[in-house]
1. If you scan region 1-40, which residues turn out to be of a type in the set (Gly, Ala, Ser) and closer than 17 Å to PRO51 by Cβ?
2. If ALA67 satisfies every condition in (1) exposed (fewer than 11 other Cβ atoms within 10 Å of the Cβ); (2) touching a residue at least 12 places away in the same chain (Cβ under 8 Å) but one, which is the exception?
3. Can you tell me how many residues within region 8-45 are closer than 22 Å to ALA56 by Cα, surrounded by 13 or more Cβ atoms within 10 Å (Cβ to Cβ) and out of contact with any helix residue (DSSP H, G or I) (no Cβ under 6 Å at 6 or more places or on another chain)?
Amino acid sequence: MVEALPVQREIDKAEAKSLIEDHLKLTGSPRAEKLLSNWEKTCKKLIRVIPKTKAALEAAEEQHEAASTPKAKA
């Protein structure tokens, strides 16, 4: 099974942008050029499709990172 998630992590945005830039260089695609010209809007429309097991691992990793990040004292 797979899970569809919005592209939110900076590493995922960078990977998607790199793939689209490579596609533009290789093909001259006007569609790729349009996607890159308004990158922030494009990012909001991108979806990652990944195995559910990987999604669960990423969620656990995020929880671990959040728990180990020192909180500011009030």
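1. Passing the criteria: only ALA4.
2. (2)
3. The total comes to 4.
Where a number appears in this text, it was derived from the coordinates with a stated rule and is not lab data. The shown structure was predicted, so the numbers you read here are calculated from the model rather than taken from an experiment. Backbone-built Cβ (ideal geometry, glycine too); neighbour counts: all protein chains shown.
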